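Participant: Here you go, one structure.
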Amino acid sequence: MPQAHRLDAEQHPDSVCLGCGCLCDDITAVVADGRVVAAEHACARGEAWFAASSEDASPECWIDGQPAAIDDGLDHAAAILRNARSPLVTGLDAVCVEAQRIAVAIADRIRGFVDAGGLGAHESSIHAALEVGSVGCTLGEIRHRADLVLAWFVDPVATHPRFFERYGVDAIGEFVPRGRADRRLCVIDEHETATAAQSDHLLLLKRDRRLAALWTVRAIVAGLSLDPHTVARLTGVSLEQWNTLARLLLDARYGVILHDAGAADAEASIESAAILHLVRVLSERTRFVAAALGSGNNAKGAEQVLLWSTGYPAAVDLRGAVPAYQPQEATTSRLLDRGEVDAVLSLEGRLALDSIETSAGCSIVALVEDDLDPVPNAQVVFRVARLGTHAGGTVFRSDGVPIPARAVLPSHAPAAQELIALLLDRLEHAPGAGDA
Amino acid sequence: MPLALRFTSASQLPLELDGILPERVQALSQGAIEKLLIRHGNRLEPLAEHFAISGSIDDGTLIFESAMPSGHGIGTGMTAGVIRVVGHAGRRIGAQMRGGRIEVEGSAGDLLGQGMSGGRIAVTGDAGDHVAGPLPGSRRGMTGGVITIAGSVGAFAAAGMRRGLVAIGQSAGAGLGYRMIAGTLVVQGPCAPNPGLEMKRGSIVLLDRAIELAPTFRKAGAFRPVFLRLLARELASLNATIDIRAFGMPLDLFHGDLLTLGKGEIWTRAGALASETQA
Ligand code: SF4
């Protein structure tokens, strides 16, 4: 519905919402009185994301909790990073690609570890793709072709409100002209989620039965015969129901399994690999793809930047002569938990906050986007302009499509890419920079 | 007399000890050993900065004294001699090891015996994740040698294992024997559900009384094959903390993982599976 706006309001068509992994780029942000007053086409979650744009009033730098000049902060941060013996550059998933590439250059310069983020959320899907290979597609392809969508332990209706409208189930596509009527939605989840409420076919499955279930479906699709009692005991769902699901999958012209990027534990990484295997066997009979929903951050961008700059997608060790891939050792959570770093450059303030417990003896330099209280455990904090409202930059959607986010509001604080470019410059040109 | 390295450093930062091998230090004077460079974080520093060095290596034995969970890569690429580690040590112990013996009197971190192709590792305590696993980027785990662990292990033990023997005295975490290609794995205690997923060949012997296998493992019957008796004898000679009396009784045999090649074998105590009918 068109909304009435004040006459002095400024319209910014094609703005990008970073409220969730959909990264909707059809938003018209309406700006008045120095803030976003409306976000046309956005869902409620997206409106809230735009409305949360900060006042842009708090100091731009803190040193040891006290407001300071950016220049002094840069000197202080450069000294910490230069003197570190085991530094980590992390939180790359919170910033745009332009900032990520400079962050990798900093990690290389100070000879440390570099990793995408703190939560390890992306880890298992990266591993799985490396081990199994993946059959993927862009979200546009799902929109135009998919006639079967299997939501595997994800609830896009709640977490990615416009996913079905833009890319999936509800959208009218070139080869699915009747939209929802031409598609089937299958949901496998623990509870009756919002997505389940819209499904054509629902299977309730306990979370700890995921592997048994995936093995069951893989076996059926591969044509193996299974014992009904064993299947019912291991999955809590009858073999007959699994057979019905497998039939639906095999009858699809173009199917897609929606899943999330997965946690970092052992079962999650086996699960991610098994989903890719299932897609592979299904693809021998029909067209099938897997798509991770992703979140509103730039984890995919971090993966891409790390790949083209170091050769590896995450957990890269730049301490030695050549980059080394240490997926089982050099992830952010492992390094922090084990106290193996003495300095952290975190491009995400939240991560620095969360690592309070483990950061004893570790110096932290953090970038924050919001008017957070100065990160209490950080030595130096820089406030940077908020990506998508106050600063522009490129963000990768979960399907690997780069989306240019634009600034719609002015900012006093520098963009993340500007700030860390200054930091890299300090590291390269300040005294002592020659002795590495 | 062995050469003893006592950890004296207060640093918690990662210390890379690859290159400190019996075969390498054998030819060196005490002064030269002290000057050997090790990586401490992002700098190279002389060994003597972190260790007090005493004794000599006449008998081919190198001892790391005192706990050092931040010391990684002990015995990497080792081909001969003996390394004893007294106390807990860090990750990648015996990585790419080809021969010789490593004895850990304490617990080992993750990646014990990563990419190992020969030699023997014995751990009196626990070991972390990825015991006998592959090097990053490789599909093949351990390709030869023997690892015995008296305690428990974390996730992905013997994942991708290609040849050799791994014996675990207590429990094992998720992903046990995942993608195993061949080789022998014995676990005395409880193991997380779904061991041996995607295993192609190889034998896994699970001696706990409650085992849960994926639906793609199929029971072949109960047997007492000669190979298990030979394995029991070998385990006894290795002093592995495995109750080999179980090998004297018929064990249930399951074939799998039928999703891959299906030539793998999982042996369990009779009736250890909740459903005897798994077929
Ligand atoms: S679906 Fe996601 S990206 Fe799109 S408007 Fe809503 S919150 Fe923003």
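The values are calculated or read from the model by the stated rules, or taken from the named source; none is laboratory data. Just so it is clear, the structure is predicted and the values come from calculations on it, not from any experiment. Quick reminder, even Gly has a Cβ in these numbers, built from the backbone with ideal geometry, and neighbours come from all protein chains shown. Accessible surface is based on the protein model in full, side chains and every heavy atom, while ligands, DNA and RNA are left aside. Shrake-Rupley method; radii C 1.70, N 1.55, O 1.52, S 1.80 Å.
Participant: Can you compute the FRET efficiency between A:Glu10 and A:Arg285 using 1/(1 + (r/R0)^6), with r the Cβ-Cβ distance and R0 = 45 Å? Round to the nearest 0.05.
Facilitator: Working from the Cβ atoms, E equals 0.25.
Participant: Follow-up question, since we're still on this one. Could you go through region B:196-209 in sequence order and give the Karplus-derived ³J(HN,Hα) for each residue, using 6.51 cos²θ - 1.76 cosθ + 1.60 with θ = phi - 60°, rounded to whole Hz, and x for Gly and Pro?
Facilitator: x, 4, 6, 6, 9, 9, x, 10, 10, 10, 10, 9, 6, 8
Participant: Let me check something: with ligands and nucleic acids excluded, how do B:Lys219, B:Lys263, B:Lys35 order by accessible area (1.4 Å probe), largest to smallest?
Facilitator: B:Lys35, B:Lys263, B:Lys219
Participant: Rounded to the nearest 5, what % of the DSSP beta bridges within region A:212-330 are antiparallel ones?
Facilitator: If I count the DSSP bridges inside region A:212-330, around 25 percent turn out antiparallel.
Participant: Something else: Mind checking which of A:Phe288, A:Leu239, A:Pro59 is farthest towards the positive end of chain A's charge dipole, using Cβ charges of +1 (Lys, Arg) and -1 (Asp, Glu) about the Cα centre?
Facilitator: A:Leu239
Participant: Moving on. With +1 on each Lys and Arg Cβ and -1 on each Asp and Glu Cβ, how big is the dipole of the protein assembly as shown about its Cα centre, in debye rounded to the nearest 20?
Facilitator: Using Cβ point charges on Lys, Arg, Asp and Glu, the protein assembly as shown gives about 3320 debye.
Participant: Just tell me which lysines come within less than 26 Å, Cα to Cα, of B:Lys263; anything on the same chain fewer than 8 places away is out.
Facilitator: Cross-link targets: B:Lys200, B:Lys219.
Participant: Considering only protein heavy atoms, what per residue accessible area in square angstrom results for region A:123-293 with a 1.4 angstrom probe?
Facilitator: Per-residue accessible area for region A:123-293 comes out at 38 Å².
Participant: Further question: Compute the helix-to-body angle for A:210-221: its Cα long axis versus the longest principal axis of chain A, expressed 0 to 90° and rounded to tens.
Facilitator: 50 degrees
Participant: What number, in percent, do you get for the relative contact order of chain A if the mean sequence gap of Cα pairs under 8 Å and at least 6 apart is divided by its residue count?
Facilitator: About 24 percent, as a whole number.
Participant: Using alpha carbons only, how many degrees (0 to 90, rounded to 10) separate the axis of helix A:97-110 from the longest principal axis of chain A?
Facilitator: Tilt relative to chain A: about 60 degrees.
Participant: Scan region A:139-221 for GluC sites (Glu not before Pro) in coil per DSSP, keeping those whose Cβ has at most 11 other Cβ atoms within 10 Å, and list them by number.
Facilitator: A:Glu174
Participant: Please list, in chain and number order, the residues 5+ apart from B:Gly75 or on another chain whose amide H is under 5 Å from its amide H, with Hs placed from the backbone.
Facilitator: Amide H neighbours of B:Gly75, under 5 Å, 5+ apart: B:Gly19, B:Ile20, B:Gly94.
Participant: Report the extension gain between B:Thr124 and B:Leu28 in nm, rounded to one decimal, defined as 0.36 nm multiplied by the number of residues separating them, less their alpha carbon distance.
Facilitator: Fully extending the segment from B:Thr124 to B:Leu28 adds 31.5 nm.
Participant: First measure r as the distance between the Cβ atoms of A:Arg209 and A:His229, then evaluate 1/(1 + (r/R0)^6) with R0 = 22 Å and state the FRET efficiency to the nearest 0.05.
Facilitator: With R0 = 22 Å, the Cβ-Cβ based efficiency is 0.90.
Participant: Over region B:1-107, what relative contact order in percent results from Cα pairs under 8 Å that are six or more residues apart?
Facilitator: Over region B:1-107, the number comes to 31 percent.
Participant: What residue among A:Gln11, A:Ala44, A:Ala32 has its Cα farthest toward the positive end of the dipole of region A:3-51, where the charges are +1 on Lys, Arg and -1 on Asp, Glu, each on the Cβ?
Facilitator: Farthest towards the positive pole: A:Ala44.
Participant: Taking 8 Å as the Cα distance limit and 6 or more residues as the minimum spacing, I'd like the relative contact order of chain B as a percentage.
Facilitator: Here the relative contact order equals 10 percent.
Participant: At 7 Å along Cα-to-Cβ for each site, give me the label-to-label distance between B:Ala80 and B:Lys263 in nm.
Facilitator: Distance between the two pseudo-spin positions: 3.6 nm.
Participant: For chain A, find the longest principal axis of its Cα atoms and tell me its angle to the long axis of helix A:266-283, 0 to 90°, nearest 10.
Facilitator: Helix A:266-283 and the main axis of chain A meet at about 50 degrees.
Participant: With a 1.4 Å probe and all protein chains left in place, how much of the accessible area of chain A comes from carbon and sulfur atoms, in whole percent?
Facilitator: 50 percent
Participant: Ok, one more. Among B:Thr8, A:Ser86, A:Ile403, whose Cα projects farthest towards the positive end of the dipole of the protein assembly as shown, with charges put on the beta-carbon of Lys, Arg (+1) and Asp, Glu (-1)?
Facilitator: About the Cα centre, the residue reaching furthest to the positive side is B:Thr8.
Participant: List every residue whose amide H lies under 5 Å from the amide H of A:Ala343, counting only residues 5 or more places away in sequence or on a different chain, with H placed 1.01 Å from N in the peptide plane.
Facilitator: Amide H to amide H, under 5 Å and 5 or more residues apart or across chains, A:Ala343 pairs with A:Ser86, A:Leu88, A:Ser363.
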